[in-house]
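The values are calculated or read from the model by the stated rules, or taken from the named source; none is laboratory data. Note that the structure is predicted; figures quoted are calculated from it, not measured. Backbone-built Cβ (ideal geometry, glycine too); neighbour counts: all protein chains shown. Note: accessible area is taken over every heavy atom of the protein model, side chains too, but ligands, DNA and RNA are not part of it. Shrake-Rupley method; radii C 1.70, N 1.55, O 1.52, S 1.80 Å.
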Amino acid sequence: MSLYSRKELLTAVVLALAAIAVGLAFGILGWTLFAAAAAGLVYQHRDLRKFVRWAKKPLRRPKLANEGLQQASRSLRRSLKQARRRTHEALQQTSHFRGLTAALPDAAVLVDGEGNIENFNNASVALLHLNRKDAGNNLGALLRHPDAIELLEQQTPDDTAEFSSPFVEGQRLELRRVPVAKNQDLILARNVTHLNRLLTMRQDFVANVSHELRTPLTVIVGYLEAMEEEALDGATLRKLVRKLNSPTHRMQALVDDLLMLTRLESSPAPEPRDLVAVDVQQLVHSAVEDLAGLAGKRHQINQRMSCALRVLGIEKELHSACSNLIANAIKYSPQGGNINISWTDGGDDGATLEVSDEGVGIAPEHLSRLTERFYRVDMAGARVRGGTGLGLAIAKHVLKRHNSQLQIESEVGKGSRFYCHFRPGQLQPQESS
Ligand code: ADP
């Protein structure tokens, strides 16, 4: 790059020669040379000032005479254009990324090859507690977990890692690394706490069902083996066959309850056209009759059915919920104990079916878990009493499907009260049915 153009050099030479000629002619060579140099300097200074002024706001092409300054301004304009284009591209990329990932329910973080944050979506703010200042910071360092760091630093062949959230206690996070370009990965993070809980529940459920079935099956297998012995007379054989009754019924009850619960859980809420006006008085009456003599016990069952309202629902389901509550009242209270069943009109609050007993009662720490499948206060005792451990889970689901809910109050040694509240919209006066 030359500092001066040929024209400028020529002008300078002509000016110098003219100064020398005039200086020699008039004997003032020193003065004329000085004047020529000063003119040159002024000329250059003007150009330099123009350049400096332009460089502060380099929008238009500057009017410069000096070749060097012109070239410098041209390359400066070129670099500026490139920088502007790059900024524009980066902004476009950012808004494209944000647009694409904004709707994602999971956190999405764009990182470079070293795990430094380049961009992130809205969900990352809530889940990974990222904020604007974190751009450029290392994601692994923020998550502070060895598995996350390994994944981000690509030290593991796996593309996912699961670990406890450093921000929310008890929350489990899953990170997935998706390579998107050379030295650029998309890190997707989601909350898997609920999913893990469901998996554990499923495993527990399978383990519980197997356990519940194994006990009666072992008994049946034992009797069948005894029957195989050749020397048994008819009377002994009949006695053994009768012994098969109890474990077989137990297995049947368990399978029936399991099928019922699965159907309740998996089928959609009943459609209005499937609902009938169920007479609660009759429902309770038939449930009490079915349960008469349960486990050979005799109880005083008092019914106060003052409400004439009917429940709009599915009779078979309501019958099952009702008889589970009454069966429990019988099972968990002593011989001769009082059991009260009432159906009361609560006006604008709807109507309530209450089943209360004066039995063993339930300690407060168990109350919130009673409707879980197979949850029992006294495992061994409940099995002896013949329950499947699914009765209250069924009752809860039936009530939920009828826009209703189960409320439990109890005191150890004094007894328990189970309330089924039905909303006014779920009720129908008797005469209009
Ligand atoms: P189960 O078949 O074991 O009775 P449920 O789901 O019906 O199963 O009840 C779960 C547990 O709740 C029971 O095992 C028992 O510990 C407790 N429970 C239910 N009803 C009563 C009651 N009326 N009085 C005391 N405990 C009860």
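Filtered by the rule that a residue be within 20 Å of K396 (Cα to Cα), of a type outside the set (S, T, Y) and away from the ligand (no atom under 16 Å from the Cβ), segment 319-349 gives W343, D349.
Criterion applied to P105, P58 was being out of contact with any strand residue (DSSP E or B) (no Cβ under 7 Å at 6 or more places or on another chain) and loosely packed, with under 11 Cβ neighbours inside 10 Å, and the one residue passing it is P105.
Residues in segment 238-258 that are open to solvent by 80 Å² or more (accessible area, probe 1.4 Å) and either in the same structural domain as I394 (by TED's automatic domain parsing) or within 14 Å of E212 (Cβ to Cβ) (or both): how many? Matching residues across segment 238-258 total 3. The number of residues in segment 356-372 being within 22 Å of L264 (Cβ to Cβ) and more than 8 Å from the ligand (Cβ to nearest atom) comes to 4. Of all residues in segment 1-17, those that are open to solvent by less than 100 Å² (accessible area, probe 1.4 Å) have Cβ atoms under 8 Å from Cβ atoms of residues that are among the hydrophobic types (A, V, I, L, M, F, W, C), 6 or more apart or on another chain, in Y4/A12; E8/A65; L15/A36; L15/A39; A16/L33; A16/A36.
Residue check: is S164 in contact (Cβ under 8 Å) with a residue 12 or more places away in the chain, open to solvent by 50 Å² or more (accessible area, probe 1.4 Å) and hydroxyl-bearing (S, T, Y)? So S164 passes the test.
Checked against (1) loosely packed, with under 13 Cβ neighbours inside 10 Å; (2) modelled with pLDDT of 85 or more, K63 passes all but a single condition, namely (2).
Selection of segment 347-370 for residues being surrounded by 15 or more Cβ atoms within 10 Å (Cβ to Cβ) and more than 24 Å from G337 (Cα to Cα) yields G350, A351.
Being hydrophobic (A, V, I, L, M, F, W, C), in contact (Cβ under 8 Å) with a residue 60 or more places away in the chain and crowded, with 18+ Cβ neighbours inside 10 Å is true of L128.
Scanning segment 209-237 for residues that are open to solvent by 90 Å² or more (accessible area, probe 1.4 Å) and more than 22 Å from E372 (Cα to Cα) returns E225, E228, E229, E230, A231. The condition (being of a type in the set (G, A, S) and closer than 30 Å to H96 by Cα) is satisfied by just one residue among A141, A226: A141. Working only within segment 378-388, note down all residues that are under 12 Å from K331 (Cβ atoms) and either at pLDDT 80 or above or more than 8 Å from the ligand (Cβ to nearest atom) (or both). Once the filter is applied, which keeps residues that are under 12 Å from K331 (Cβ atoms) and either at pLDDT 80 or above or more than 8 Å from the ligand (Cβ to nearest atom) (or both), segment 378-388 yields V384, T388. Screening the candidates G140, G113 for the property of being without any contact (Cβ under 8 Å) to a residue 40 or more places away in the chain, in the same structural domain as Q184 (by TED's automatic domain parsing) and open to solvent by less than 50 Å² (accessible area, probe 1.4 Å) yields one hit, G140. Among the residues examined, G40 does not qualify as surrounded by 13 or more Cβ atoms within 10 Å (Cβ to Cβ), closer than 30 Å to K81 by Cα and in the same structural domain as K81 (by TED's automatic domain parsing).
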